[in-house]
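Participant: One structure, pasted below without further comment.
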C-alpha cells in the first residue's frame with residue numbers, strides 16, 4: 001500500500017487579519033507608552049523575563065505545529081494574564097511590555113498568513129504483527 005502525501009490547500013487567510021490587528025495594536029501601545037514616559041521601555045529582569053517567555057512560548061508552539069490562532073489563545077493569552085497580575089495592574093510597566101509582545105506576535109503572523117495550510121494526514125491502516133510473530137502462549 002502506497003503512502004498518501006497530504007495535499008496542499010489554500011493559504012491560511014485567517015492569520016493575516018489577526019496578525020495585522022496584533023501588529024497595529026502592539027505598535028500603538030508601546031509607542032504611546034514611550035512618548036508618555038521616557039523610561040517606559042526600560043527593561044528590568046522581571047519585565048525582560050516575562051517578555052521572553054511570552055514570545056518564546058508562542059514561537060515554540062508554532063514550531064511544534066500548533067495553528068497560529070490556537071497558539072495565541074492557548075499560550076499568549078494566559079501568559080499575558082499572568083504578566084498583568086504580576087505587574088499589579090500598573091500601566092507604566094505592563095502596557096509597553098504588552099505592546100512589544102503583541103508587535104512581535106503580529107510579526108510572526110505575517111509570514112504565517114502566506115504559508116499554505118496542510119490538510120490533516122489520512123491515517124494509514126494499522127497492521128497487526130500477530131501473523132508474523134505469534135504469541136508464545
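The values are calculated or read from the model by the stated rules, or taken from the named source; none is laboratory data. In this text the structure is predicted, and so the values were computed from the model without any measurement. Methodologically, a virtual Cβ is constructed for each residue, glycine included, from the backbone with ideal geometry; neighbour enumeration extends over all protein chains shown.
Participant: Going by the conditions given, is residue 57 touching a helix residue (DSSP H, G or I) at 6+ places or on another chain (Cβ under 9 Å), closer than 15 Å to residue 79 by Cα, surrounded by 13 or more Cβ atoms within 10 Å (Cβ to Cβ) and free of Cβ contacts under 8 Å to residues at least 24 places away in the same chain?
Facilitator: Yes; evaluated as a whole, the condition is true for this residue.
Participant: Which residue out of 130, 135 is modelled with pLDDT of 60 or more and either loosely packed, with under 10 Cβ neighbours inside 10 Å or touching a helix residue (DSSP H, G or I) at 6+ places or on another chain (Cβ under 7 Å) (or both)?
Facilitator: Of 130, 135, the one residue that is modelled with pLDDT of 60 or more and either loosely packed, with under 10 Cβ neighbours inside 10 Å or touching a helix residue (DSSP H, G or I) at 6+ places or on another chain (Cβ under 7 Å) (or both) is 135.
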